[in-house]
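Below is one structure, written out as structure tokens, with a few remarks after it.
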């Protein structure tokens with residue numbers, strides 16, 4: 001009688017999570033703690049950007065999720081499959097585009113994709129591979145050896161290779177590293193199309209512009225800690241500041257004592273005043289500011305408002321003491 005091998009039970013996770021990370025830590029033999037008890041739920045169909053400086057732990061985290069590096073603590077499930085107990089099923093749901101370009105330089109583009117698909121036990125599907133290559137503008141290069149391609153084209157081949165086995169989740173580790181600005185924007189459009197087709201995208205990056213342009217949610221990692229994970233627009237609203245810049249009619253040497261209690265800064269040349277206010281406050285205080293400026297005989301010829309960028313928020317988070325974070 002044939003013995004049927006049953007799959008390990010699926011790991012419970014929140015209903016909309018396709019990847020669930022619980023209490024994951026990584027400590028190397030040297031004693032270096034690369035990750036400190038990371039908890040993260042990645043939602044189906046989202047684009048999540050993991051931001052952090054070099055050495056923050058971004059690549060270590062996704063390497064653990066993808067089964068390349070072993071965690072020292074914690075559990076991870078991918079589409080309900082525990083990545084340790086049910087490694088093959090979990091890994092089959094994941095595609096990974098590593099930061100470094102690792103391909104067989106002497107193979108053709110199409111052969112590389114066929115081989116990658118076969119590694120996951122997938123039946124041949126020429127139509128699907130053609131679609132991937134056309135979507136990535138690689139179809140005309142399908143018979144070219146990878147060694148003959150430009151750096152940008154090789155990056156596209158890596159993405160095509162990661163998609164060859166039809167994963168539900170795609171990890172992009174620093175996808176724009178070494179890529180020129182034009183190709184970077186092409187890549188952003190491609191990632192959006194992948195998300196529209198149902199693929200969940202997780203990208204690590206230190207390009208703030210990349211996260212601001214593409215992500216639905218932002219995760220910030222620093223020194224092995226996941227500082228926060230937040231909807232991009234909510235994050236910018238909660239942690240952002242607005243500034244009102246007033247160009248003065250006459251230069252000032254210093255802010256009058258009567259205005260010392262206000263969040264005002266005088267430019268070095270004394271020609272502008274900058275008033276900073278909280279975007280979440282019901283009262284901005286601008287009306288009171290303008291009234292008090294008038295009382296002190298301070299006239300202005302122009303005013304402009306501006307809002308904190310994601311880059312400014314990121315820098316403030318990374319350099320802020322842990323107890324002071326929102």
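Could you run through the range 105-116 and say how many residues are surrounded by 19 or more Cβ atoms within 10 Å (Cβ to Cβ) and either in contact with a strand residue (DSSP E or B) (Cβ under 9 Å, 6 or more places away or on another chain) or closer than 9 Å to residue 161 by Cβ (or both)?
Within the range 105-116, residues that are surrounded by 19 or more Cβ atoms within 10 Å (Cβ to Cβ) and either in contact with a strand residue (DSSP E or B) (Cβ under 9 Å, 6 or more places away or on another chain) or closer than 9 Å to residue 161 by Cβ (or both) number 4.
Does the range 84-98 include one or more residues that are without any contact (Cβ under 8 Å) to a residue 12 or more places away in the chain and out of contact with any strand residue (DSSP E or B) (no Cβ under 7 Å at 6 or more places or on another chain)?
There is at least one residue in the range 84-98 that is without any contact (Cβ under 8 Å) to a residue 12 or more places away in the chain and out of contact with any strand residue (DSSP E or B) (no Cβ under 7 Å at 6 or more places or on another chain).
Does residue 105 satisfy the condition of being assigned to a strand (DSSP E or B) and at pLDDT below 95?
no
Considering only residues of the range 189-206 that are under 22 Å from residue 53 (Cβ atoms) and in contact with a helix residue (DSSP H, G or I) (Cβ under 8 Å, 6 or more places away or on another chain), which is surrounded by the fewest Cβ atoms within 10 Å (Cβ to Cβ)?
205
Identify, please: which residue in the range 207-236 is without any contact (Cβ under 8 Å) to a residue 60 or more places away in the chain and either outside the structural domain of residue 23 (by TED's automatic domain parsing) or not in a helix (DSSP H, G or I) (or both) and is, among those, surrounded by the fewest Cβ atoms within 10 Å (Cβ to Cβ)?
So, considering only residues that are without any contact (Cβ under 8 Å) to a residue 60 or more places away in the chain and either outside the structural domain of residue 23 (by TED's automatic domain parsing) or not in a helix (DSSP H, G or I) (or both), the one surrounded by the fewest Cβ atoms within 10 Å (Cβ to Cβ) is 231.
Looking at the range 277-314 only, could you name the residues that are within 30 Å of residue 219 (Cα to Cα) and either surrounded by 14 or more Cβ atoms within 10 Å (Cβ to Cβ) or modelled with pLDDT of 85 or more (or both)?
Correct list: 277, 278, 279, 284, 308, 309, 310, 311, 312, 313, 314.
Anything in the range 148-164 that is in contact (Cβ under 8 Å) with a residue 12 or more places away in the chain and either under 15 Å from residue 110 (Cβ atoms) or in contact with a strand residue (DSSP E or B) (Cβ under 6 Å, 6 or more places away or on another chain) (or both)? List them, or say none.
149, 153, 154, 156, 157, 158, 159, 160, 161, 162, 163, 164
Among what's in the range 118-147 and is in contact with a strand residue (DSSP E or B) (Cβ under 9 Å, 6 or more places away or on another chain) and touching a residue at least 40 places away in the same chain (Cβ under 8 Å), pick the residue that is nearest to residue 93 (Cα to Cα).
If we take residues in the range 118-147 being in contact with a strand residue (DSSP E or B) (Cβ under 9 Å, 6 or more places away or on another chain) and touching a residue at least 40 places away in the same chain (Cβ under 8 Å), then 146 is nearest to residue 93 (Cα to Cα).
Taking residue 73 and the conditions (1) modelled with pLDDT under 95; (2) farther than 21 Å from residue 194 by Cα; (3) more than 22 Å from the chain's Cα centre (by Cα), which numbered condition does it fall short on, given that it satisfies the others?
Failing condition for residue 73: (1).
Can you find a residue in the range 105-117 that is within 27 Å of the chain's Cα centre (by Cα), closer than 28 Å to residue 17 by Cβ and in contact (Cβ under 8 Å) with a residue 40 or more places away in the chain?
Within the range 105-117, one or more residues are within 27 Å of the chain's Cα centre (by Cα), closer than 28 Å to residue 17 by Cβ and in contact (Cβ under 8 Å) with a residue 40 or more places away in the chain.
Provide a single number: the residues in the range 64-102 that are in a helix (DSSP H, G or I) and closer than 20 Å to residue 142 by Cα.
0
The values are calculated or read from the model by the stated rules, or taken from the named source; none is laboratory data. What you see is a predicted model; the values in this text were computed from it and never measured. Positions of Cβ are generated from backbone atoms using ideal geometry, with glycine treated the same way; all protein chains shown enter the neighbour counts.
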